[in-house]
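A short worksheet on the structure shown next.
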Amino acid sequence: MLKYGLTRLAATVPLLLAMSVLVFLVATIMPGGIAVVLLGDNASPETVTVLEAQLGLNDPLPVQYARWLGNALQGNLGDSWTLKEPVVGVIVRRMPVTLSLAVGGMLIGIILGLMLGIIAGLRPGSGVDRLITLIASIGVAMPAFWLAMLLAVYFAVQLRWFPAIGYTPLGEDPVKWLRSITLPCIALGLPTAALIVRQMRSSFITVLQSRYILAAHATGIPLWQVVSRYALRNALVPVVTVIGFRLAVVFSLSLAVEQVFNLPGIASITIRSVMMRDIPLLQGTVLLTALFVVVTNLLIDLSYGWLNPRVRLA
Amino acid sequence: MTDAAKPRGVSGQARVWWRLRQQRLALIAAGYILLLYVVAIIGPWIAPYGPMTGDLRSTLQGPSIAHWLGTDHLGRDILSQIIYGTRLSMWAALEAVLIAIILGVPIGLLAGYVGGKLDRAVMWAVDLIFALPPIMVALGIIAVLGTTLDTVMAAVGFAFSTRFVRLTRGMTLTEREELYVDGARVGGLDVWTIVSHHILPNIAPALIAQAALQFGGVLLIEATLSFLGIGASLEQPSWGRLLSQSRDYMDAYPFLAIPSGAAIMLAVLAFNLLGDGLHTALGRDTIVAKRKTKRRKGDTETQRHGDGSNARSLIKTNMTALAIQGLQVRFPGAQNREIEIVCDVSLDLKSGETLGLVGESGSGKSMTALATLGLVPAPGWISNGSVQLGGRELTTLPDSELRRLRGKEMSIVFQDSFTSLNPSLTIETQLTDPLRAHLGLNSRQARERALELLALVQLPDPQRRLNEYPHQLSGGMAQRVGLARALACQPSVLIADEPTSALDVTVQGQILDLLKDAQRKFGMAILFITHDWGIVAELCDRVAVMYAGEIVETGKVDGVFAHPRHPYTRALLATLPGLDRTGTRSVPVIPGVVPPPQDWHKGCHFYPRCALAIPACNRNPVPLTSVGDDRQTRCVRAGEEGLW
Amino acid sequence: MNASTAMWDKFANLSYGYSMTPPPFLSVRDLRVEFAARQLLFHRSRPPTRAVNNVSFSIPTGQTLGLVGESGAGKSTVARAILRLTQIQGGQIFIDGRNVSSLSGAQLTEYRRQVQVVFQDPYSSLNPSHVIGEIVGELITRHRGVRPGAARDEMVAGLLQRVGLGRFVMDRLPDELSGGQRQRVAIARALAVEPRLIVCDEPTSALDVSIQSQIINLLADLQASAGLTYLFITHNLAMARHISHNLAVMYLGYLVESGPTERVFAHPAHPYTEMLLASSPVPDPARQRERAAARSRISRSTNPEIAIAVTSCPFANRCPLVMDVCRKTMPAQTEVSGGGSVRCHAHATGLTFT
């Protein structure tokens, strides 16, 4: 298992490098070039040339990339053009908000999704199953930010159980922190749960119909043992895939949810960077997403290995 | 024209339509999507107001006759904005999905079919993009190219194309392994023809279902981007934009968030339901049958095949280990009909003897075995008959008590040893679980016993094998493990369901020898299910021949081989090419095929293929009758002298 | 003609030493196929293809060679090599004396007109989304230039009639036919190009016992009427005996024995052939019980799971007659009295089981 884990870890290095190339290229393929974007369309050609020389834009691309990567590895992604401060600092300050949402939302989604999926999959066609399936279908179609608004209207504006907007850091006041992220996490978690329910249910049904479950029943071991030990583990494999996809998406889904609750996370700076073509800031946020995705993929790969001996021992 | 039997069932297209019509939710969803596109086309003519026509005297109003869905903060009609938003969202989604398909499918087909370096290069790049959330890919492209709606949807289409590449490639890889592709290559067809004419039609249904699902995803992303203010510009009414505006009035007028949000959700839901429905309807191995909770119908139903009482009385000693009487298994069929796939099976198995149950595929022999163990897979059920193990009736036992007997008093070895072992559990777990459940052993005792069992089935290096997983074993070894598991608690009855059919003949010989040894040691009775008459000849004391759900003949092995008393047995034995038969280049044949259960005749099931058939055969169900020493046959003409 | 060719022809004559034997239609010489290790994660529906080492045989025109052996023997790989579905690493394949192992383009297409195939699994070998008329007619269009239409339909109906099917199946999908009917369609498709050799890769093993003999009879009738040559691959010895003029036995990629069918059955020269014969059950209780006893004596001592050296005889770990030399060197192909050849050290010393 350790060997398997290390190989997976090593495999992420080229992936990260490729991502960094992509992120770097975003800046270089801007129409007109960076200098024009920085100076505006009305800048005289002389000033553009001067700025390009200053920024080292006349060097060959690999040189520029090496310089950029070298800086990035030292934690320097440059200064944001619009915020006029280091990108890394901005991201580090805002990261905890987005991470709280992503982790909380996934936890709610996974726990709820697995539970309901198993209940539905155990008795396919029953009333409970049909109810769960119906709710899950609606949940999958529900835009997370709409759900966030509905939750905010009801629980924050009308019932006043939770704050409608704003964020309290964990270090400042844990209870307030929890209250400030509860609704956003639910808004992210419910659609995620719906997705997991659907996959869990269908793969559980498939596994329960398999030959080895029939054979396990034939050995006469108790029903709960057949379900928990013989069926569950195999049924989880495709579910883990779905969770992996969702982990990558939940990070970007939280963009819209953050906007609804006016949380000071990554969302606002991402949108700002896109709208105002703030390239260093965009590179920072995309790189951050990529890093997050790579790390989650690694976790997913490790859980495959844990679930499936064929993967681990290959 | 020996095999030119009637074609079965309806034509393929009719069946697809029938399956589609079964998916009622999907049909409703399709209707709704159609409506959305109609609205998208004729929107400007049916919308009561212009999308931007505001009336500042009536802002933030609730639903009224003038404004069915109320007005927004600028007094604009919500319904009209939703209608114009439909136009925008539906075209945008169509644009993105079309771009995704046009980009993704050809690349996937090519990478999947050609394989090798091209495939690896393409998939590496695709995986790279796929790993990123589509919305981030879109954001990156938008940042570079600008934020017009067309750019945005092209970016989303590009991001989604990776999904089509992956899906298409995966299915192409699977299809490429199908023999018909080899056949097309041997037929001298070129790559283009094979890909477009042979592979694409087979993966198209799944692609269409996937496209419907991706529509939902694209709609959601479009709405999210518009909500964030990136997609549609301020002048363009879109669902996401409407929703984002309502955010400022959450306090004052929460209803504003309902219509646009519901519009998004319903559209996405419709595409998802359509995709699910298409997936079910177009899938190659669709199981349409619904689960029925019906259990034994019991005695209210009149038995079709007589009561089989004459069969019962013949060999009933207190030595009987397993007695099956008039067993019937039914499955729900089309149009609420019930299909009987095992009809009136009666068997007696004495302690220590081996009974062969022979028949072709579809004759119901495996289902008989599963029914004996109380393991008829849903939606089927035992509709009649009794199964007695050591004098104890099993069909009325609750599941929990049946479990205490299964694996302990009565166990089974399956044909395919690999699929009957759990791929993610070690051999040790799978061997010791039943030992611990039935014999109450602790884990150390169970492990020791498991080692003994593996030694018994002559698995080399049992210590190491215990810690291994099924995929690390060869077919012969896996079957030895299956046998060890079945023998674990020294059952009095072992059911062997074609345990050697998937193995090589030399390994088959070793497994048969093992079975004989174990029987000598434990004295259990074996019900050996097979289609191989050679194995029956070697292993069995008595044999029961099954055809189309019925036992047609039973008797002692030597007698049945020497003088078969049923036309099917006789014809089948005659068709077998023997190792020592020489010369003749033409084998006698039985015309026709085993019919599927819904086509079984009311009278003798073998009637349509029988060389001795007379009109009387097709009138009534034929009972199993005794013809001499321990021999029964199900034939109208069984008593005719000179015929046998 | 160089020296090795001459030697090989001598060997071919030894293999099928009948004076009346027609010239070989298909000859395979020192065929070698290797495979790089495949990714383990890759799930495949078909078992992985096996390597084939220095396999040589030939089939006289209008006759049948039965190629027998267990799974992993490489029988299907030989078939796929002859069908040009897999790359070969060494050796040559001759059709009518012409080397076809490196054909491409139009020449390969021309070759495909002469050699066709009937696969084992009729559920996978017919395109599930094409109707029978298209499946059979497709090759008529490709190789005989007849466009889809009434004329082609007539030809398809004629082919279907030859294999015992009515023209009503033309607009059916494979899904709507039984296994036996599908296999007939596969045969009709092969016949569509009027081939001279048909490779039959286990054509009956997916079928029910009562259907198998129907297909066997059909193949035999077609051979008699059209002078077809068959390479008939099977693991069923009784089937092989029934249809083959000559037999070739493969084990783990090597051709261990070949010769006239009667000789191989009456006097097997290789211990593996003998084990295979002893292990095949016959439907006769008294005889099979005797045979089973004999089989147990032979096979009980052997263990296929023990690893063996690359250079040794591949059968060394299971052979009851194993000698030191067997574990060191691969036996050469030697002549057998009564026709054919064998690769066995023990054969030279005259050892047998009995």
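Each of A:Trp224 and B:Val627 was given a label point 7 Å from its Cα along the Cα-to-Cβ line. The distance between the two points is 5.6 nm.
Largest first, the three principal axis extents of the alpha carbons in chain B are 102, 60, 59 Å in whole numbers.
Run the numbers on the stretch B:14-282 and let me know its relative contact order in percent, using alpha-carbon pairs under 8 Å that are six or more apart. Working shown, then result.
On the way: 393 pairs, mean separation 68.7, N = 269.
With pairs under 8 Å counted, the relative contact order is 26 percent.
Using a probe radius of 1.4 angstrom, the carbon and sulfur fraction of the accessible surface of chain B is 58%.
The distance between label points at A:Leu17 and B:Ser386 comes to 7.6 nm (points 7 Å beyond Cα on the Cα→Cβ vector).
Averaged across orientations, what area in nm² does the convex hull of the alpha carbons in the protein assembly as shown project? Mind dumping the intermediate values first?
Working: hull surface 238.2 nm².
If you wrap the Cα atoms of the protein assembly as shown in a convex hull and average its projections, you get 59.5 nm².
Which of C:Phe119, A:Leu178, C:Ala266 sits closest to the plus end of the dipole of the protein assembly as shown, meaning its Cα is farthest towards the positive end, when Lys and Arg get +1 and Asp and Glu get -1 on the C-beta? In the protein assembly as shown, that residue is C:Ala266.
About the centre of its Cα atoms, the stretch B:302-540 shows a dipole size close to 640 debye [charges on the beta carbon of Lys, Arg (+1) and Asp, Glu (-1) only; nearest 20 debye]. Would you mind telling me the antiparallel percentage of the DSSP bridges in the stretch B:302-540, rounded to 5? Just about 55 percent of them are antiparallel. For chain B, the longest principal axis of the C-alpha atoms and the axis of helix B:427-439 are separated by about 60°. Pairs of alpha carbons in chain C separated by more than 40 Å make up 15% of all such pairs.
For chain C, what is the charge dipole size about the Cα centre, in debye to the nearest 20, if Lys and Arg each add +1 at the Cβ and Asp and Glu each add -1 at the Cβ?
On the way: 36 positive and 27 negative charges, 88 e Å.
Dipole about the Cα centre, nearest 20: 420 debye.
Here the stretch A:141-218 is assigned +1 on the Cβ of each Lys and Arg and -1 on the Cβ of each Asp and Glu. Its dipole about the Cα centre then comes out at about 260 debye. Sorted largest first by accessible area at a 1.4 angstrom probe radius, with every protein chain in place, the residues C:Glu290, B:Glu178 fall in the order C:Glu290, B:Glu178. Surface calculation, 1.4 Å probe, protein heavy atoms: C:Leu276 sits at approximately 10 Å² accessible. Between C and B, buried accessible area summed over both sides at probe 1.4 Å, in Å² to the nearest 100? That pair hides around 6800 Å² of surface in total.
Shape call for the stretch A:202-241 from the C-alpha gyration tensor, a ≥ b ≥ c root eigenvalues: rounded (a/c under 1.5), prolate (a/b greater than b/c) or oblate?
Values: a/c = 2.88, a/b = 1.86, b/c = 1.55.
It comes out prolate by the Cα gyration axes.
A dipole drawn for the protein assembly as shown from +1 and -1 charges on Cβ atoms has a positive end, and of B:Leu473, B:Gly31, A:Trp224 the residue lying farthest that way is A:Trp224.
Farthest towards the positive end of the charge dipole of the protein assembly as shown, among the residues B:Gly407, A:Met275, B:Ile339, is the Cα of B:Gly407, using unit charges on the Cβ of Lys, Arg, Asp and Glu. Accessible area buried by the pairing of A and B, both sides summed with a 1.4 Å probe, works out to roughly 6000 Å².
Computed from Cα positions, the angle between helix B:134-145 and the longest principal axis of chain B comes to roughly 30 degrees.
As a quick test, which of the pairs B:Lys408/B:Lys521; B:Lys350/B:Lys516; B:Lys365/B:Lys602 have an alpha carbon distance above 18 angstrom in this structure? Those over the limit are B:Lys365/B:Lys602. Hey, with R₀ at 25 Å, roughly what FRET efficiency would C:Glu34 and C:Phe94 work out to, going by the Cβ-Cβ distance, to 0.05? After rounding, the FRET efficiency stands at 0.75. Where both residues lie in chain B, what percent of DSSP beta bridges are antiparallel, nearest 5? Antiparallel: roughly 60 percent of the beta bridges in chain B. Summary value for chain A: 27 percent relative contact order, contacts being C-alpha pairs under 8 angstrom separated by 6+ residues.
Quick one: in the stretch B:302-540, what % of C-alpha pairs are over 21 Å apart? Before the final figure, lay out the partial values.
Numbers: 16514 of 28441 pairs.
For the stretch B:302-540, the share of Cα pairs beyond 21 Å comes to 58 percent.
May I ask you to give the solvent-accessible area per residue for chain B, in square angstrom, as obtained with a 1.4 angstrom probe? Here the residues of chain B average 40 Å² of exposed surface.
Between B:Asp248 and A:Thr47, what FRET efficiency follows from the Cβ-Cβ distance if R0 is 35 Å, with the result rounded to 0.05? My answer for the efficiency is 0.30.
Accessible surface for B:Val589 stands near 50 Å², nearest 10, in the context of the full protein assembly shown (1.4 Å probe).
The antiparallel fraction among DSSP beta bridges confined to chain C stands at about 55%.
Compute for the stretch B:357-442: radius of gyration divided by Kirkwood radius, i.e. Rg/Rh, restricted to C-alpha atoms, rounded to two decimals. Spell out each step's value before the answer.
On the way: Rg = 14.7 Å, Rh = 14.9 Å.
That ratio is 0.99, to two decimals.
Helix A:87-122 versus the longest principal axis of chain A: what is the Cα-based angle in degrees, 0 to 90, to the nearest 10? The angle comes out near 20 degrees.
Please list A:Glu172, B:Glu452 from largest to smallest accessible area, probe radius 1.4 Å, with all protein chains kept in place. List each step's numbers first, then the result.
On the way: A:Glu172 135, B:Glu452 110 Å².
The ordering from most to least exposed comes out as A:Glu172, B:Glu452.
The values are calculated or read from the model by the stated rules, or taken from the named source; none is laboratory data. Every value quoted in this text rests on a predicted model; they were computed, and no experiment measured them. We place every Cβ from the backbone using ideal geometry, glycine too, and count neighbours over all the protein chains shown. Please note that ligands, DNA and RNA were not included when accessible areas were found on the heavy atoms of the full protein model with its side chains. Shrake-Rupley method; radii C 1.70, N 1.55, O 1.52, S 1.80 Å.
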